[in-house]
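Shown next, in structure tokens, is the structure this report addresses.
The values are calculated or read from the model by the stated rules, or taken from the named source; none is laboratory data. These numbers were taken from a predicted model, which means no experiment stands behind them. Don't worry about glycine lacking a Cβ; one is built from the backbone with ideal geometry, like all the others, and counts go over all protein chains shown. Please note that ligands, DNA and RNA were not included when accessible areas were found on the heavy atoms of the full protein model with its side chains. Shrake-Rupley method; radii C 1.70, N 1.55, O 1.52, S 1.80 Å.
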Amino acid sequence: MTQGNPQDLIAQGAVACAQAVAEGQATALELCDAAIARIEALDGAINAVVLRDFDRAREQARAADAARARGERLPLMGVPMTVKESFNVAGLPTSWGLPPFREFRPAQDAVAVQRLKSAGAVILGKTNVAAALGDWQSDNPVYGHTVNPIDATRTPGGSSGGGAAALAAGMVALEMGSDLFGSVRVPAHFCGLYGHKPSVGVLPTRGHDFPGTQAEPGDRPAVIGPLARSAGDLDRVLDAIAGPDQPDAKAFCLSLPAPRHARLRDWRVLVLDRHPVCATSSAMCGALDSLARRLEQAGTRVSRSSDKLPDLKAIAESYTTLVTTFLGAWEPGGSTTMSAHDWIRLMGQRDRYRVQWRAFFEEFDALLCPPSGSAAFPHDPNPDFDSRTLLVDGEPTPYGAQGAWSTIASMAGLPATVAPMARDADGLPLGVQIIGPYLEDRSTIALAGQLAAPR
């Protein structure tokens with residue numbers, strides 16, 4: 001019954017796939033089989049989909065087709081997708097790339113996975129990660145390393161790099177990742193994709209926990225978020241899975257505000273291409289400058305500085321302390337503990353940043369900046385994260401310093417959307433990070449869609 005080519009539909013993304021199934025242009029099973037065929041044909045060289053669940057995926061696809069025949073229309077009906085290895089999927093290992101947890105098999109899906117399936121998505125398997133989700137490369141002793149399908153000598157990013165690689169290679173139409181230190185945003189940037197780090201608390205995190213643990217979501221800094229082919233796909237996922245988890249769902253519901261503006265000429269943005277603690281390539285600065293000029297031509301109010309901008313160096317230092325302390329309670333490699341008083345003072349500083357950002361977003365609608373200071377870098381096998389260096393415009397720079405770009409949004413729990421912006425001289429993607437006010441996720445996604453930069 002196919003009227004549209006299943007592989008072309010997958011390359012177009014989630015909305016195109018769901019619409020094709022709803023309109024009878026393709027079946028969910030045809031899309032599923034096309035995705036499986038492409039994974040089997042391409043993934044040997046990429047190593048993105050490290051856990052394959054094809055039999056159950058076909059069962060989900062048949063169920064989606066049966067639901068459509070009954071007249072049901074679901075937002076992600078028949079969309080072939082993968083999820084990051086760190087999400088619990090009943091019966092599949094959740095190791096976070098760590099050998100001691102190679103055989104840890106949760107009995108229940110993560111809440112996000114449950115909601116994706118309820119929305120009609122077809123989960124084909126799980127994608128590769130950095131060990132303990134702690135790197136911008138996706139390499140670990142359980143599954144090996146994933147390469148960037150645009151240039152196999154380079155990383156696809158991390159820790160959601162396997163999903164970004166699968167999506168960029170056209171194996172799937174959608175991916176669900178997670179982000180603590182840029183783990184959605186950096187892979188989206190490196191692979192020429194859209195990615196969204198939501199406001200803290202918008203998407204349910206239960207079932208995305210360090211193996212063998214279960215933590216109440218609370219106000220932890222880690223979030224989950226989608227990688228996609230378009231801003232419209234990001235918005236569709238937000239609609240499908242956002243909202244409180246139990247027990248909060250007993251009393252609360254989520255109603256995110258509409259985007260601030262529907263036209264580029266109505267936006268007020270600050271464009272930032274330099275950070276006090278990390279280097280930015282000339283290619284990235286040039287791409288942001290070109291974007292700023294294009295926005296100005298469209299009527300956008302573009303600024304390059306503001307006294308309302310919080311102290312970015314202090315934010316980077318505070319967030320690094322917060323994350324290493326937080327991880328120290330659960331994961332290998334975390335820092336030693338701090339005193340309760342120091343932790344309370346750190347949380348107080350975070351609250352002050354939130355107040356400062358509220359004032360900033362009274363004057364501006366969005367902050368535009370790099371997701372990372374340069375395009376995807378070559379694989380670095382050095383196991384010592386702290387001793388690595390990157391070359392930015394030929395000059396060595398500390399590897400870990402590039403995380404400063406992700407701290408801008410993460411420290412205060414703000415939404416941040418990455419959109420493709422340009423290509424550098426080597427043909428590598430350069431993305432822009434769009435940061436917005438707390439709980440105004442629809443605004444950052446909407447602006448990403450309005451920019452509509454070619455990949």
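Worth pointing out:
- Cα-based equivalent ellipsoid, the range 35-175: semi-axes from gyration tensor eigenvalues, Å: 26, 17, 11
- Antiparallel content of DSSP bridges confined to the chain, in %, to 5: 70
- Kyte-Doolittle mean at least -1.0 and Cα axial length at least 15 Å: DSSP H helices in the chain: 28-46, 231-241, 282-297, 312-328, 441-451
- Mean separation of Cα contacts under 8 Å, 6 or more apart, over the residue count of the range 1-156: relative contact order %: 23
- Long-range HN-HN contacts of Leu390 with modeled amide H, under 5 Å: Thr397, Tyr399
- Centre-to-centre separation between the Cα atoms of the range 72-129 and those of the range 369-445: 26 Å.
- Pairs of alpha carbons in the range 9-52 whose separation is greater than 14 Å (percent): 53
- Average Cα contact separation per residue, the range 166-220, under 8 Å, 6 or more apart, as relative contact order %: 21
- Packing rank of 396-405, 16-25, where each peptide gets the mean count of other beta carbons within 10 Å, highest leading: 16-25, 396-405
- Quotient of Cα Rg and 2.2 N^0.38 Å for the range 339-404, N being how many residues it contains: 1.61
- Cα convex hull of the chain, projected area averaged across orientations, nm²: 20.6
- Cα shape, the range 220-368, gyration tensor, a/c 1.5 rule: oblate
- Square roots of 5 times each gyration tensor eigenvalue, C-alpha, the range 52-98, largest first, Å: 27, 11, 7
- Given +1 at the Cβ of Lys and Arg, -1 at the Cβ of Asp and Glu and no other charges, the dipole of the range 223-333 around its Cα centre is 580 debye to the nearest 20.
- Charge context of Leu51, other residues only, Cβ under 10 angstrom, K/R +1, D/E -1: 0
- The chain: relative contact order in percent, alpha carbon pairs under 8 Å with at least 6 residues between: 15
- Only the Cβ atoms of Lys and Arg (+1) and of Asp and Glu (-1) were treated as charged; on that basis the dipole of the chain about its Cα centre amounts to roughly 880 debye.
- Per residue solvent-accessible surface (Å²) - the chain, probe of 1.4 Å: 38
- Cα gyration tensor shape for the range 116-156, rounded if a/c is under 1.5, else prolate or oblate: prolate
- Dipole of the chain, positive end: most advanced residue of Ile445, Tyr143, Leu51 [Cβ charges, Cα centre]: Ile445
- A simple charge model with +1 on the Cβ of Lys and Arg, -1 on the Cβ of Asp and Glu and nothing else charged puts the dipole of the range 282-393 at about 360 debye relative to its Cα centre.
- Global form of the range 104-172, assessed from the alpha-carbon gyration tensor, a/c cut-off 1.5: oblate
- Computed over Cα pairs, the Kirkwood radius of the range 3-104 leads via Stokes-Einstein (0.890 mPa s, 25 °C) to a diffusion coefficient of 168 µm² per second.
- Expected-Rg normalisation [2.2 N^0.38 Å, Cα atoms] applied to the range 360-455: 1.22
- Fraction of accessible area attributable to carbon and sulfur, the range 152-277 (%, probe 1.4 Å): 51
- The equivalent ellipsoid that matches the C-alpha gyration tensor of the range 129-245 spans semi-axes of 23, 18, 10 angstrom, in descending order.
- Options Leu309, Phe252, Ile434, ranked by Cα towards positive dipole end of the chain, top entry (Cβ charges): Phe252
- With a Förster radius of 41 Å applied to the C-beta separation of Asp384 and Ala359, the computed FRET efficiency comes to 0.50.
- With the charge dipole of the chain set up from +1 on Lys and Arg Cβ and -1 on Asp and Glu Cβ about the Cα centre, the Cα lying farthest toward the positive end among the listed residues Thr325, Ala409, Phe190 is that of Ala409.
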